[in-house]
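These notes concern the structure reproduced below.
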Amino acid sequence: MGLFEMIPSLVDWAWTFVQPEYELLRLAKKGDHAAVAAYLLQHSTEQVQAAANYIDAAGRSPLVVVCREGHVECLHMMLQHPIFHAMFPAYADGNGNTLLHHACFQGQAEVVRYLLQQSVAACRLNHRLQSPLDAARTRFHDEEFAPSRFLTCIDMLEQRCTIFEGWLYESTDNFASNILGVSSLQSWKRRYCVVLETALPSYVEMVFYGFTAQKGHPSEWTRSFTPTSLVLARIDDDIAFNSKQKIFNSKQFAFSLPCRKKAVAAPVTDVHGFNALASMEFAAVDADGYDSWSHFFVVGAVRCDHL
């Protein structure tokens, strides 16, 4: 390394003499878990407290840095200390971003895995009303290089938040419904629906997946990597079973509930924005499926009120 390349590192090191509490963040950025462990052992509780609360010019604390940089071993070392262990569960930065948010912003799948193993809340919203899952979906659509790491984060978060899943027919727009703006003219599309808990009482997120191959039995179909649509649904007594909203091609096992569509590319978990809730119709594929979905909506309403 030449002298020119060494200057930033020297300045970074020198800054620790001006602000000693910066030292832990500096070690965290390097990912030196042995040095992090030594720091925590060699400093007093008050010194570690100051270091844990230190925020750099970019608004990052030591915990945020290790999560964004993917330094799982450093994160593990920090959480063994009582100071970090106490602040960890409810941690959020000035923008409401949790450690899961920060890991998802950078597609740090191993950090996401570790945080979920520590039973952190997976659905908390930041000030932009995005959950960690929303953040991962947004970054996947924004990222030009190696977006697959965000898909791994999305998959893990979906698995953690799933409370129900099964086949459904989804109402989708066609030429007539688009031109006339009449939802009762919409068509049906068979989808696989994954229902997720959210941070909003009485609301769930319905994630609809299409299929790239539909030959043979549905269990053998190839599911799309990304959802075709995201829907926030209110689970309460406004659910209408055996609904008939379609002018043509009504389904026998249909039901309707108040919903609001989320943007697939940049989703937010918000039910108070410009677009109001509207009744959307879905349908189970058979009688057994209808019984399962009906039971979920009746029992799930109670569960979601207590999430």
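Determine if segment 121-136 includes at least one residue that is assigned to a helix (DSSP H, G or I) and in contact (Cβ under 8 Å) with a residue 40 or more places away in the chain. Yes, because at least one residue in segment 121-136 is assigned to a helix (DSSP H, G or I) and in contact (Cβ under 8 Å) with a residue 40 or more places away in the chain. Residue pairs whose Cβ atoms lie under 9 Å apart, separated by 6 or more positions or on different chains, with the first residue in segment 220-239 and within 14 Å of Ala265 (Cβ to Cβ) and the second part of a strand (DSSP E or B) and among the aliphatic types (A, V, I, L, M), are Pro227/Val194; Pro227/Val207; Ser229/Met206; Ser229/Val207; Leu230/Met206; Leu230/Val207.
For segment 114-126, what are the residues that are more than 14 Å from the chain's Cα centre (by Cα) and at negative phi? Passing the criteria: Tyr114, Gln117, Gln118.
There is no residue in segment 235-247 that is surrounded by 13 or more Cβ atoms within 10 Å (Cβ to Cβ), at pLDDT 85 or above and more than 26 Å from Asn275 (Cβ to Cβ).
When you go through Ala146, Ala109, Ala135 one by one, which is the residue that is of a type in the set (A, V, I, L, M) and at pLDDT below 95? So that I can check it myself, show each step before the final result.
On the way: Ala109 fails: at pLDDT below 95; Ala135 fails: at pLDDT below 95.
Result of the check over Ala146, Ala109, Ala135: Ala146.
The residues of segment 23-75 that are in a helix (DSSP H, G or I) and of a type in the set (D, E, K, R), listed by number, are Glu23, Arg26, Lys29, Lys30, Glu46, Arg68, Glu69, Glu73.
Okay, residues lined up against (1) part of a strand (DSSP E or B); (2) at pLDDT 90 or above:
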residue	(1), (2)
Asn249	no, no
Ser279	yes, no
Tyr290	no, yes
Ser294	no, yes
Arg303	no, no
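The values are calculated or read from the model by the stated rules, or taken from the named source; none is laboratory data. Just so we're clear, the structure is a prediction, and the values are computed from it rather than from any experiment. A quick note on method: Cβ atoms are made from the backbone with ideal geometry, for glycine too, and the neighbour counts reach across all protein chains shown.
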